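Notes for the one structure printed next.
The values are calculated or read from the model by the stated rules, or taken from the named source; none is laboratory data. The structure displayed is predicted, hence computed values, not measured ones. Glycine also receives a Cβ, built like all others from the backbone with ideal geometry; neighbour counts cover every protein chain displayed.
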Amino acid sequence: MFAILRSRIYLASCFAVSSLFACFQLPAADLETVSVSYTQIPRIYRLNGVVEAVNKTTVSAQISGQVEAMLFDVDDYVEKDQVIILINDKQPAARLEQAKAEIEEAGARVKEADEEYQRIKGVYEKQAVSKKTMDAAEAAMKAARARLKSARAGLEQAREQFDYTRVRAPYSGIVTERHIEVGESAEAGKKLMSGLSLEELRVNVDVPQNMINAVRTAAEVAIETPKGNRVPVTNKTVFPFADPASHTFRVRLELKGDNLSLFPGMFVKAAFTTGEQGALIVPSASIVRRSEVTAVYVASADGRLSMRAIRKGRELDNGYTVVLAGLQQGETVIVDPIIAGAQLQQQYSSEPAR
């Protein structure tokens, strides 16, 4: 907890105007101070992670033929089910037409066999033909229907083979690599084009074995982007085995929300909240940088000011920053470093020369 102290100090300062220096007195002002003490803050482990796409695919050819057109290139955005590559379709198209003709022929045979069966059945009921003739007509009808069924299956297969000549994107995403060029022959199983989706991302983190238990039970997990944003995690998966080479456990974090600032391959920080710890904190606004020095202004018991170098820790969400070294519990820090700096300058100028 912080005790907020206020004291009225009459300030004097000097400033330069057009290369001439003039001294003036600032009006009375309240110096807001805080008394440094230990407080409980979240204990957070930060580990490096790598962003990857959940959906990343290499599309392969499912039919042999010459590549006639590449409709997209690397870095192009493709919608789901868009045609990305055209393969020569002359043979599949001919087979499709043949399958359609076989359907028509089989349909005509079924119609003929049905009519013949109905005619024989009527005569058979009048006992004008033998049962053998009746059985033959029935068998012919069933055979014709089976041929029609087979022809329909052949038509579906021909349509599928024809569709293979139009290679489509399995999902919306970005083209990352092309493995074939126009004019080359595509064989079944040959790689054609690779891509990934930016709609679903996840982060892989390698956790040291001495931290895995704390990470496994972490109450809160978030991803911190290079821009300082925090991306919430929807699901945490801890692999139940360690890598035999590095002795680290893989933790997979699935992301949610607007991830437009993240791209596959980026390094990010995974923040695991694992409880609380005591720390000295000061208002972030009270910290200043002077050249290579990070410091705060400290007021002693007799009211004298001094600039104290500190070692900063992480910044908290409530406007405070952790101090790792340079301050002790009970010391008083000036909240406004500008006013404190002016007062310190006046203090130096009023001291007798030594």
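Listed values, structure above:
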item: Set Q66, Q98, Q40: member being surrounded by fewer than 15 Cβ atoms within 10 Å (Cβ to Cβ), touching an Asp or Glu at 6+ places or on another chain (Cβ under 6 Å) and touching a residue at least 24 places away in the same chain (Cβ under 8 Å); result: Q40
item: Residues (in a strand (DSSP E or B), under 19 Å from I41 (Cα atoms) and not charged (D, E, K, R)) located in the stretch 308-326; result: G313, Y320, T321, V322, V323, L324, A325
item: Check on K227, basic (K, R) and either modelled with pLDDT of 95 or more or outside any strand (DSSP E or B) (or both); result: yes
item: Filtered residues of the stretch 49-88 (kept if in a strand (DSSP E or B), out of contact with any Lys or Arg (no Cβ under 9 Å at 6 or more places or on another chain) and within 30 Å of A271 (Cβ to Cβ)); result: V50, K56
item: Pick from the stretch 286-307, criterion of a type in the set (V, I, T) and not in a loop (DSSP other than H, G, I, E, B), ranking: farthest from T33 (Cα to Cα); result: V293
item: The listed residue being touching a Leu at 6+ places or on another chain (Cβ under 6 Å) and assigned to a helix (DSSP H, G or I), out of I180, I103; result: I103
item: Set Q343, Q347, Q329: member being touching a residue at least 60 places away in the same chain (Cβ under 8 Å) and surrounded by fewer than 19 Cβ atoms within 10 Å (Cβ to Cβ); result: Q329
item: Test result for D114, without any contact (Cβ under 8 Å) to a residue 12 or more places away in the chain and surrounded by fewer than 18 Cβ atoms within 10 Å (Cβ to Cβ); result: no
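For (1) loosely packed, with under 14 Cβ neighbours inside 10 Å; (2) touching a Leu at 6+ places or on another chain (Cβ under 8 Å); (3) modelled with pLDDT of 95 or more, each residue gets a yes or a no:
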| residue | (1), (2), (3) |
| --- | --- |
| F2 | no, no, no |
| A12 | no, yes, no |
| A16 | yes, no, no |
| A22 | yes, no, no |
| L31 | no, no, no |
| Y45 | no, no, no |
| N55 | no, yes, no |
| V74 | yes, no, no |
| D89 | no, no, no |
